[in-house]
Amino acid sequence: MQHQYRSDGQLSRNSDTEDTDHIVRLLAPRLAYFAGVARTEHVTRAARELGVPQSTLSRAMVRLEQDLGVDLFARHGRTVSLTPAGRTFLGSAERALAEVGRAAESVRADADPATGKVAFGFLHTMGSETVPGLIRAFRADHPRVRFSLVQNYGEAMLERLRAGELDLCLTSPVPDAPGLVARRLDEQRLRLVVPDDHRLAGRKRVRLAEAADEAFVTLEPGYGLRRITDDLCAEAGFRPRIAFEGEEAETLRGLVAAGLGVALLPPPAVARPGVVELTVTGQRAVREIGVAWLEGHPDTAPVAAFKKFLLGRRGRLLPE
């Protein structure tokens, strides 16, 4: 059966179009009233249980039947009983109301100050040590707050932040984009990683220009570290010759250990055999780490607490 709206706000049948959103908006406020009357089979009793005037409830039921174009109740003086159409509608109405109830319970649980949830995104390179340490420290004072954790590269996380899938994210470079708020928290020195039998492996420090003729292994375009690598090489006077592109820093270290190139990488959580990590001199070879969130987006209590915690870690976000 198809419906359309008449100028009086009611639904009429046998039309060529159906605006589902409008139907839902029209019917949804009356579902609880309908379910209450159906449960008690008595308008006066239902009005008392629902806390609304009997006249309001009666009018709502009449209007609901008019909007649907079917009789939902058979009237018997002060009592009512469901028609076959009413029984069919009741089943769907109760499922809809139950789903709304579950949704309300879920969002209230996520916002609970003690047991709520934080959707937190971060770079792959922070997953093995930095983020576990942060969460452990935060949960010392908030032991029951839950986390939904997402690891990804910077641009992908910012897209998920804009889509409302994340509350906060740790990323690099620190974004400067409309609709986002970002705060610098720390910086991480990058090193030139070379194979342990490389011509530069006996050095402790190196100027990046000395690697101008080397093959580089890097993250794929779109990753923040790739952009930083390209910018630092340009600052050093050359464009890196890319031999391999990957999605994860430790994989790049493995490629370096295999003798397939050199790389600019942050320090590893655990030292890897087969490579030597050199301090880059002559330029500021660092990546800045920041936290970002949606501008004007209201925080739940657990998100606000974790945001405050992160901002309080300025200058000491990363492990020593």
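The values are calculated or read from the model by the stated rules, or taken from the named source; none is laboratory data. Source: prediction; values computed, not measured. Glycine also receives a Cβ, built like all others from the backbone with ideal geometry; neighbour counts cover every protein chain displayed. Note: accessible area is taken over every heavy atom of the protein model, side chains too, but ligands, DNA and RNA are not part of it. Shrake-Rupley method; radii C 1.70, N 1.55, O 1.52, S 1.80 Å.
Select, from Ser81, Ser106, the only residue that is over 30 Å from Thr218 (Cβ atoms) and at pLDDT below 90. Please lay out each step first, then the result.
On the way: Ser81 fails: at pLDDT below 90.
On inspection, the qualifying residue turns out to be Ser106.
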Given the conditions (1) open to solvent by less than 30 Å² (accessible area, probe 1.4 Å); (2) in contact with a Leu (Cβ under 6 Å, 6 or more places away or on another chain), which single one is not true for Arg160?
(1)
For Gln188, are the conditions met, namely being among the polar types (S, T, N, Q), farther than 23 Å from Asp299 by Cβ and touching a helix residue (DSSP H, G or I) at 6+ places or on another chain (Cβ under 9 Å)?
yes
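Starting from residues that are closer than 15 Å to Asp71 by Cβ and not polar (S, T, N, Q), keep the ones in segment 81-100 and report whichever is surrounded by the fewest Cβ atoms within 10 Å (Cβ to Cβ). Quick ask: steps written out before the conclusion?
Step one: filter segment 81-100 for residues closer than 15 Å to Asp71 by Cβ, giving 81-90.
The next check asks that each one be not polar (S, T, N, Q); those that pass are 82, 84-87, 89-90.
Details: Leu82: 18, Pro84: 10, Ala85: 15, Gly86: 21, Arg87: 12, Phe89: 22, Leu90: 18.
Among those residues, the one meeting the criterion is Pro84.
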Within segment 274-299, can you find the residues that are assigned to a loop (DSSP other than H, G, I, E, B) and surrounded by fewer than 18 Cβ atoms within 10 Å (Cβ to Cβ)?
Gly274, Gly282, Gln283, Arg284, Glu295, Gly296, His297, Pro298, Asp299
Consider Ala271 carefully, then state whether it is aliphatic (A, V, I, L, M) and open to solvent by 60 Å² or more (accessible area, probe 1.4 Å).
yes
Sole exception among (1) open to solvent by less than 50 Å² (accessible area, probe 1.4 Å); (2) outside the structural domain of Leu134 (by the TED database); (3) at pLDDT 95 or above; (4) not charged (D, E, K, R) for Ala258, by number:
(1)
Checking the structure you have, find out if any residue of segment 313-320 is at pLDDT below 95, open to solvent by less than 20 Å² (accessible area, probe 1.4 Å), within 31 Å of the chain's Cα centre (by Cα) and among the basic types (Lys, Arg).
no
Mind listing whichever residues of segment 147-185 are of a type in the set (Val, Ile, Thr) and in contact with a helix residue (DSSP H, G or I) (Cβ under 7 Å, 6 or more places away or on another chain)?
Val150, Thr171
For segment 265-296, give me each residue that is of a type outside the set (Val, Ile, Thr) and farther than 21 Å from Leu123 by Cβ.
Pro273, Gly274, Leu278, Gly282, Gln283, Glu295, Gly296
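Go through segment 195-251 and give me each residue that's of a type in the set (Val, Ile, Thr) and in contact (Cβ under 8 Å) with a residue 24 or more places away in the chain. Let's see the steps before the verdict.
Restricting attention to segment 195-251, the residues satisfying the condition of being of a type in the set (Val, Ile, Thr) are 206, 217-218, 228-229, 242, 251.
If the condition is that a residue be of a type in the set (Val, Ile, Thr) and in contact (Cβ under 8 Å) with a residue 24 or more places away in the chain, then Val206, Val217, Thr218, Ile228, Thr229, Ile242 are the ones that fit.
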Can you confirm whether Ala156 is in the same structural domain as Pro302 (by the TED database), part of a strand (DSSP E or B) and either over 16 Å from Thr281 (Cα atoms) or at pLDDT 95 or above (or both)?
no
Across segment 235-271, what is the total count of residues that are within 17 Å of Leu190 (Cβ to Cβ) and among the acidic types (Asp, Glu)?
3
Hey, among Val62, Val37, which residue is assigned to a helix (DSSP H, G or I) and open to solvent by 60 Å² or more (accessible area, probe 1.4 Å)?
Val62
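Among Leu265, Leu294, Leu252, which is the only one that is in contact with a helix residue (DSSP H, G or I) (Cβ under 7 Å, 6 or more places away or on another chain), in the same structural domain as Ala211 (by the TED database) and under 27 Å from Leu134 (Cα atoms)? Let's see the steps before the verdict.
Working: Leu294 fails: in the same structural domain as Ala211 (by the TED database); Leu252 fails: in contact with a helix residue (DSSP H, G or I) (Cβ under 7 Å, 6 or more places away or on another chain).
The conditions single out Leu265.
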